[in-house]
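The values are calculated or read from the model by the stated rules, or taken from the named source; none is laboratory data. Computed from a predicted structure; not experimentally measured. Neighbour counts run over all protein chains shown; Cβ positions are idealised from the backbone, glycine included.
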Amino acid sequence: MNKIQSQTRTVFPFTAIIGQEEMKLALILNVIDPKIGGVMIMGDRGTGKSTTIRAIADLLPEIEVVVDDLFNSHVSDYDLMSDIIKQKIEQGMNVPTEFIKVPMIDLPLGATEDRLCGTIDIEKALNEGIKTFEPGLLAKANRGILYVDEVNLLDDHLVDILLDASASGWNIVEREGISIRHPARFVLVGSGNPEEGELRPQLLDRFGMHAEIRTVKDPYLRVQIVEQRSDFDRDPYSCIQKFQDQQNQLKDNIILAQNKLPSVKIDYSLRVKISEICGALNVDGLRGDIVTNRAAKAFAAYKGNDEVSVADVKTVIKLCLRHRLRKDPLDTIDSGSKVEQVVDRILVQDL
């Protein structure tokens, strides 16, 4: 077995995925800046949603975590550190670390609240005075990706918990007057088929971005996709080796963008234009403005630029706003086209 076979899981390479550029861009931008708020991917069955999401997780650089910590705690960032590790560091104790793959956690449809949030052993707490916490999926997903397939079929109560944890970066479990909290910073990725039902608008609004994907119609492109997948199924390690240079290049670009992001600027006049677009589209609240600003800066960083351009905004704004528009059942224009029309009208003078 060669080196790549021993070190690499057989996950379809992200750079080998053909088409679906909108979905891939949304995932990359959320990885560069997790504060964008995750991405909702809606599309037909069999369009590579799950494959793409697992591929981006496998592509990411390893993260440094505290050894044997339940929450993948960072060794120096307090926002990504459990209370136990904070106490050890404050007491000057030695905290060993290791590097692990970015966690990729699947939330099954039948999951309970305890499975998601974790549980406290009440009996041991009352009888022995010891807080024993059994971590849930939110703990395991800290500093990683939490993937919910068919999120539109998930219980609304669990969706609320997910979105609250994603927004705050913390999970709090309270039972019988006993409370435990831990960091829960993750990129929330949901996917679903619109034929199986829509998310409530107020929940959809909480996802930072919304990508729509469709089945490829071009027969030549379909053949290319089928051949690519067949090659991987027949010999996954050769396929991974074939795309290794492209994978490494994309990984390097993401790391550079993450480091560059804090220094990227967006001109005041361009921020005003973004808010003007949100106002013209009657977008409720300010999430649309905030997410568009964040996504545009992440895209500029990804391109290696120091300042956001009008073109950067035009590239990301549809992903940030299309799911925030009020739906008119009699409207024949889809929300993405509506966003594009307003954007072209307001930003055309700046090109």
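Side notes on the structure shown:
- Just one of the listed residues (ASP235, ASP205, ASP231, ASP218) is modelled with pLDDT under 90, assigned by TED's automatic domain parsing to the domain that holds SER50 and of a type outside the set (Phe, Trp, Tyr), and it is ASP205.
- Scan of the range 24-37 for residues that are modelled with pLDDT under 90 and buried (at least 19 other Cβ atoms within 10 Å of the Cβ), ordered by number: PRO34, GLY37
- When residues of the range 294-313 are limited to those that are touching a strand residue (DSSP E or B) at 6+ places or on another chain (Cβ under 7 Å) and in a helix (DSSP H, G or I), the one nearest to LYS265 (Cα to Cα): ALA300
- Every pair of residues 6+ apart whose Cβ atoms lie under 8 Å, when the first sits in the range 35-50 and is within 18 Å of ARG287 (Cα to Cα) while the second is modelled with pLDDT of 85 or more and in a loop (DSSP other than H, G, I, E, B): ILE36/GLY208; GLY37/PHE207; GLY37/GLY208; GLY38/PHE207; GLY38/GLY208; VAL39/PHE207; VAL39/GLY208; MET40/PHE207
- Every listed requirement among (1) of a type in the set (Gly, Ala, Ser); (2) under 30 Å from VAL313 (Cα atoms); (3) in contact with a helix residue (DSSP H, G or I) (Cβ under 9 Å, 6 or more places away or on another chain) is met by ALA139 save one, (2).
- Filtering the range 172-218 to residues that are exposed (fewer than 13 other Cβ atoms within 10 Å of the Cβ) and of a type in the set (Gly, Ala, Ser) leaves GLY177, SER179, GLY197.
- Among the conditions (1) part of a helix (DSSP H, G or I); (2) without any contact (Cβ under 8 Å) to a residue 24 or more places away in the chain; (3) over 28 Å from ARG287 (Cβ atoms); (4) out of contact with any Gly (no Cβ under 9 Å at 6 or more places or on another chain), ASP164 misses just one, which is (3).
- For the range 76-93, a tally of residues being surrounded by 13 or more Cβ atoms within 10 Å (Cβ to Cβ), assigned to a loop (DSSP other than H, G, I, E, B) and aliphatic (A, V, I, L, M) returns 1.
- Any hit, the range 113-125, residues being at pLDDT 85 or above, in the same structural domain as LEU138 (by TED's automatic domain parsing), within 18 Å of the chain's Cα centre (by Cα) and over 19 Å from LEU138 (Cα atoms): no
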